[in-house]
Amino acid sequence: MTDRHDEDVQLPEDLRALHDELLSIQYEERPSFGPELRAELAHEWATMPRTRPLGMRRHLAAAVLAAVLVGGASVPSARASFIRLIEQIGPEQVAIPVSPIEVVAPAYAAPAPEGNAPVAEAPEAEAVEESEPPPVEPTVPDLVTPPVLTPPEMIDRDRSSRLLQSAYPRHLQRRGVGGIVWLRLWVDESGLPGQASVLHTSGVDVLDRVATNIAPRFMFEPALEDGEPVGKWIEFPVLFEPDSVMVERPLRPAVDPLSLPIVPQIEWWQMREPIVAAELPPMHEIGASEVPAREEGLAMLTEAFLDPAIVDAHGPAEAILSAEPPAGFEPLAWRGVVGEALEASIASGGENAAAMLALGRIRARQGLRTEARALFEGGLQSAVADADAGVDVSPWIVAELHYERSAIVRGSWLSSQGVGRVFAEAFSEVECRQASSTGGAGSGYASTSRLVAWNYLCPAELAGIFQRGFEETDHGSARDLGLMMGSLRAAIESYPAHVGANTDLLMALVDADRWDDVLRGARRFVHVSGGHPNGLLLAGMALQRLDRSAEAEPLFRAALARMDQRRADQLSYVGYLLDESDLLWYRRVASDERRSWEAEFWAEKDRRPNTEVNERWVEHLTRTTYASLRFGSVFGDAPEVWVRFGGPTTIHVVEDGSGRLAEFWDYGRGPDITFIRWDSSARRDLTPEGRAYVDDLGKIFSPQ
């Protein structure tokens, strides 16, 4: 007997036991067996199906390595062990689609016999040379009779298919993303599945998570071994294949009323009947129709959460849907925890319109506007697919998704609206001796600092420069406006009384000076909302700009009476029209006394006391309404200028390439009033020169 063993070979731990066992076997050497075994193993490796999981091929590799290490092993029992090791690699795996689901359990393989298998005596052979003894022919060992095994059997395959299909993220289906996830799952003796693990990834993390989260919810009959229930591992693939109907499904188109050269009298937002303030419904009826729709949306959001503990700990659900943390929570931390929970819920099958709305709002507040917009649009796609499938979707949720998308686009539109540059060569034909700045000549465009300096030193010359050298840059503002208006209209079509969508759409018409359309749209808004203050304010603005102050006044009064007192006090604020001594008193006085004083103040300002309406008070409410709805508040530099002097004749917005914009508000004779803002913000701050100029104007005359 011989033993070929290389002491220098370093074996992994999982092969050392096998190696030592093989070395302990007593056997007779047959020189031809080593090459035969290596050839047989090479054949097994070459013919094995490539679809076998990688782990199975590793076992075969281990067997081959062991064979090489023992070299000339020729005992039949050792050879049988190798072959059975190959057989135990596992069954053929069958790829399964989401529907129907097929689970194939591993086939049973008989264990290797213990000890050394008996070796049959070699038959007599012809004489050979003494240097080459006759080969020993082995006999086939007796195998142990295997027990009868029945693999686990899935119960209700249709249910499992539906679970997987409902969890298949729609945004991946729309993009045509699919794959196969190989899972390993333990099914115990009672048929209950344990935790699933990924044997082979699909290459898409979301699909892997969906498969591992859903698989433990499958139901099985347990495996049977000789009729007794036993626990068994099963390995199977799950195929995610996108539905061709879902791929590249576009949003339903929405008509942009501002994109048409002539806007027809579209019934959905035009109403000619005047508003009678005395016939408005009671305040408590405003928004009453929204309550059921909002409740439906909250129910959708709660249903989407796989972990209800998040709602219990960080809710209520309304706070999560609005992305506003409840009292006592730190906003950044709250949005981080809730955002991760929503993301996990969506990835694991909770992908519905309400969940994507909530997560999109959180991402928007985190500054991730691109991701937020994708979530809003994904929620709309989900709502469209659900509606096509006959699933009820809250119209209020659909309107909110459209509105939130419009808000993202609106920010882009406002930041690029009217933005341009001034050619430096436009300065070559004019002269301003007081100005020494020549900034921007090297770039071909004038710097904002040069323009501001010329504005206050040589305003007449700058007016000519703007006329000759201002070039508006195209940042897609027309496209953004069309998408914004289309989204707003779609929101109103889904939920006609939507306050934000109606307000923003009508304000876009205000900026276009389309006052007849504003009036008709505001009347309709008041009608469908039960008399919302914003509708009354917008109708009053339109009537004032159409020189119909007598009709506007009762609408403004009705709006102030139907809003909370804090907002009413802001819209009635007259601090911008007072000198310093009166302003100090006005800021300290109590609200009731202030309102009484305001009535006397406006009586003195009435330029036509013989009429029933105080036109100056109506004009003031028109300006504060615009400042509140456009700038978000009546307080700030831009609202102050708007309330004191009204809207400018023209506005030039000049960029300098750094994201810093200079605005020039033209009020006719004299310098423009200049502001600085950033393209990512709606806030406008007076330049130091602009602040000084506005203060000087206040000393010269009282704003009218």
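Of the residues in the range 546-558, at least one is surrounded by fewer than 18 Cβ atoms within 10 Å (Cβ to Cβ) and within 19 Å of Pro281 (Cα to Cα).
Determine, yes or no, whether Val643 is farther than 25 Å from Gln417 by Cα and either in contact with a helix residue (DSSP H, G or I) (Cβ under 6 Å, 6 or more places away or on another chain) or among the acidic types (Asp, Glu) (or both). Step through it out loud before you land on a result.
Values: farther than 25 Å from Gln417 by Cα: no; either in contact with a helix residue (DSSP H, G or I) (Cβ under 6 Å, 6 or more places away or on another chain) or among the acidic types (Asp, Glu) (or both): yes.
Taking the combined requirement at face value, the residue does not satisfy it.
Residues in the range 663-691 that are closer than 24 Å to Arg369 by Cα and among the hydrophobic types (A, V, I, L, M, F, W, C) were compared, and the one that is least open to solvent (accessible area, probe 1.4 Å) is Ile676. Contact annotation: residue pairs with Cβ atoms under 7 Å, 6 or more positions apart or on different chains, pairing a residue in the range 211-223 that is closer than 20 Å to Ala344 by Cβ with a partner that is part of a helix (DSSP H, G or I), are Ile214/Leu163; Ile214/Leu164; Ile214/Ala167; Arg217/Leu163.
For beta carbons closer than 7 Å, sequence separation of 6+ or different chains, a first residue in the range 661-686 that is at positive phi and a second that is open to solvent by 60 Å² or more (accessible area, probe 1.4 Å), the qualifying pairs are Gly668/Thr649. Taking the conditions (1) touching a helix residue (DSSP H, G or I) at 6+ places or on another chain (Cβ under 6 Å); (2) modelled with pLDDT of 95 or more; (3) under 30 Å from Ala460 (Cβ atoms) in turn, Val654 satisfies each one other than (2). Residues in the range 559-572 that are out of contact with any His (no Cβ under 9 Å at 6 or more places or on another chain) and either open to solvent by 20 Å² or more (accessible area, probe 1.4 Å) or at positive phi (or both): Leu560, Ala561, Met563, Asp564, Gln565, Arg566, Arg567, Asp569, Gln570. Consider Leu332 carefully, then state whether it is of a type outside the set (Val, Ile, Thr), in a helix (DSSP H, G or I) and surrounded by fewer than 19 Cβ atoms within 10 Å (Cβ to Cβ). Yes. Looking at Glu600, Glu640, Glu604, just one residue is charged (D, E, K, R), more than 22 Å from Ser549 (Cβ to Cβ) and assigned to a helix (DSSP H, G or I), and that residue is Glu640.
Kindly provide the set of residues from the range 613-631 that are over 15 Å from Trp515 (Cβ atoms) and either touching a strand residue (DSSP E or B) at 6+ places or on another chain (Cβ under 9 Å) or among the β-branched types (Val, Ile, Thr) (or both), ordered by number. Correct list: Val613, Thr624. If I filter the range 627-649 down to residues being charged (D, E, K, R) and in contact (Cβ under 8 Å) with a residue 60 or more places away in the chain, which single residue comes out as surrounded by the most Cβ atoms within 10 Å (Cβ to Cβ)? Per the criteria, the residue is Glu640.
Taking Leu380, is it within 18 Å of Glu303 (Cα to Cα) and modelled with pLDDT of 90 or more? Even if it seems obvious, please write down each step before you answer.
Details: within 18 Å of Glu303 (Cα to Cα): yes; modelled with pLDDT of 90 or more: no.
For Leu380, the condition - within 18 Å of Glu303 (Cα to Cα) and modelled with pLDDT of 90 or more - is not met.
Is it the case that some residue within the range 476-484 is assigned to a helix (DSSP H, G or I), among the charged types (D, E, K, R) and surrounded by fewer than 19 Cβ atoms within 10 Å (Cβ to Cβ)? Yes; the residues of the range 476-484 include at least one that is assigned to a helix (DSSP H, G or I), among the charged types (D, E, K, R) and surrounded by fewer than 19 Cβ atoms within 10 Å (Cβ to Cβ). Contact annotation: residue pairs with Cβ atoms under 9 Å, 6 or more positions apart or on different chains, pairing a residue in the range 484-495 that is at pLDDT below 90 with a partner that is acidic (Asp, Glu) and not in a helix (DSSP H, G or I), are Met484/Asp256; Met485/Asp256; Gly486/Asp256; Arg489/Asp256.
Screening the range 224-236 for residues that are part of a loop (DSSP other than H, G, I, E, B) and in contact (Cβ under 8 Å) with a residue 60 or more places away in the chain and picking the one that is farthest from Leu163 (Cα to Cα) gives Asp226.
Buried (at least 23 other Cβ atoms within 10 Å of the Cβ) and of a type in the set (A, V, I, L, M): which single residue out of Met541, Met507 fits that description?
Values: Met507 fails: buried (at least 23 other Cβ atoms within 10 Å of the Cβ).
Met541 is the lone residue from the list that is buried (at least 23 other Cβ atoms within 10 Å of the Cβ) and of a type in the set (A, V, I, L, M).
Residue by residue through the range 419-436, note down the ones that are crowded, with 16+ Cβ neighbours inside 10 Å and assigned to a loop (DSSP other than H, G, I, E, B). Don't jump to the end; show me each part of the working.
Looking only at the range 419-436, we keep the residues that are crowded, with 16+ Cβ neighbours inside 10 Å, and these are 419-424, 426-427, 432, 435.
Residues satisfying the conditions are Cys432, Ala435.
The values are calculated or read from the model by the stated rules, or taken from the named source; none is laboratory data. Quantities reported herein were computed from a predicted structural model and do not represent experimental measurements. Don't worry about glycine lacking a Cβ; one is built from the backbone with ideal geometry, like all the others, and counts go over all protein chains shown. Calculation scope for accessible area: heavy atoms of the full protein, side chains included, ligands and nucleic acids excluded. Shrake-Rupley method; radii C 1.70, N 1.55, O 1.52, S 1.80 Å.
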